[in-house]
Amino acid sequence: MAQAHEARARLCKSHGWDENEIELVPVLASGDKVQDRPLAEIGGKALWTKELDAWLLEGRIDGAVHSMKDVETLRPDWLAIAAILPRADVRDVLIGASSIHAIPESARVGTSAPRRAAQMLHRRPDVEVVPIRGNVATRLARLAAGEVDVTLLAAAGLERLGESGVGHPLETDDWLPAPAQGAIGIECRTDDAKTLEWLAAIDHSQSRDEVLAERALLAALGGNCHSPIAVLTRSQGGHLAMTAAIFSGDGAERIDGTMTFSTGDLEAPARLAADLLARATPGVAALFAGP
């Protein structure tokens, strides 16, 4: 809902509308209904989109606001990513310790994200990863209750909820984020010309370039909710610089690579993906077999 409020505020500011002219329609996603199991066990990223997709298809809503890191790589042809808002802080935040090094030996690290789990185990193979899902308040409550010793949350989500002072951000040269982390996207129907026009006014081209490149990498890797993928793309004057890493599930193996390519060249991420998979062991490559 915080993301929807931001999207509405930007849209109204761009067009000079009163915010009361845009209705925010809460839609409870399956991903919010089922919180006792990892996403990969109960349907993957579609759990965050299928209800909104249905409401769009039925015309009950005109646009759907998403955290882009939770949107499946392959989307229906009748849907368009009409706008990507300026990308927020892409970093993960460590809560419960001041750094990866400072996490106590054999600590319980709460996360259900394969990327966070594998990246943590790669750095700290002594820790125990404990599955933990739910919204920010739920995860912080479980940490406070002592169910886990530390956890990881997205800096962007904390910032949008007014919790930016919580925890210790992990710098991206040491800890890579998820594909499209920190980006809000708005989808609408491809045949809805008026909504497409309205949303185009708040599309942030640099963020779109970075996010679409990372989604292209994800697609080429055949990534799904089981796949530990970390990537960051930065715009550099007409070019994009991408750094990516894939891991084994237990974090023991890491394969990484970098590439700089022209903005809009969505074939380049596929070449980087092919290089990463070519250097991966069969056990790692098996995690990137697509849906």
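The values are calculated or read from the model by the stated rules, or taken from the named source; none is laboratory data. Bear in mind that the values here come from a model prediction, so they are computed numbers and not experimental data. All Cβ positions, glycine included, derive from the backbone under ideal geometry; neighbour counts span all protein chains shown.
Considering only the stretch 225-241, I want to know if a residue exists there that is free of Cβ contacts under 8 Å to residues at least 60 places away in the same chain, under 14 Å from the mean Cα position of the chain (by Cα) and farther than 22 Å from A82 by Cα. Yes, because at least one residue in the stretch 225-241 is free of Cβ contacts under 8 Å to residues at least 60 places away in the same chain, under 14 Å from the mean Cα position of the chain (by Cα) and farther than 22 Å from A82 by Cα.
Give the residues of the stretch 47-66 that are more than 22 Å from the chain's Cα centre (by Cα) and either modelled with pLDDT under 90 or in a helix (DSSP H, G or I) (or both), sorted by residue number. The answer is W55, L57. Across the stretch 67-97, the qualifying residues are those that are out of contact with any Pro (no Cβ under 9 Å at 6 or more places or on another chain) and at pLDDT below 95, and the one among them that is surrounded by the most Cβ atoms within 10 Å (Cβ to Cβ) is V71.
Do any strands (runs of 3 or more DSSP E) entirely within the stretch 194-270 hold 1 or more residues that are under 27 Å from E6 (Cβ atoms) and in contact with a strand residue (DSSP E or B) (Cβ under 6 Å, 6 or more places away or on another chain), and if so, which? Answer list for the stretch 194-270: 229-235, 239-247. Being surrounded by 17 or more Cβ atoms within 10 Å (Cβ to Cβ), in contact with a Leu (Cβ under 9 Å, 6 or more places away or on another chain) and touching a residue at least 24 places away in the same chain (Cβ under 8 Å) is not true of E159.
Of all the listed residues (D250, D209, D191), the sole one being crowded, with 16+ Cβ neighbours inside 10 Å and either under 26 Å from G157 (Cβ atoms) or not polar (S, T, N, Q) (or both) is D209. Condition (residue is in a helix (DSSP H, G or I) and either assigned by TED's automatic domain parsing to the domain that holds E253 or among the aliphatic types (A, V, I, L, M) (or both)) applied to the stretch 77-89: is it met by at least one residue? The answer is no; no qualifying residue exists.
Screening the stretch 1-29 for residues that are in contact (Cβ under 8 Å) with a residue 60 or more places away in the chain and within 22 Å of G157 (Cα to Cα) and picking the one that is surrounded by the fewest Cβ atoms within 10 Å (Cβ to Cβ) gives A2. Considering the stretch 220-234, and only residues there that are out of contact with any Lys or Arg (no Cβ under 9 Å at 6 or more places or on another chain) and at pLDDT 95 or above, the residue that is farthest from D173 (Cα to Cα) turns out to be L221.
Taken together, T151, T195, T138 contain a single residue that is among the polar types (S, T, N, Q) and in the same structural domain as L56 (by TED's automatic domain parsing), which is T195. Within this structure, D275 passes the test of being under 19 Å from L176 (Cα atoms), out of contact with any helix residue (DSSP H, G or I) (no Cβ under 6 Å at 6 or more places or on another chain) and at pLDDT 95 or above.
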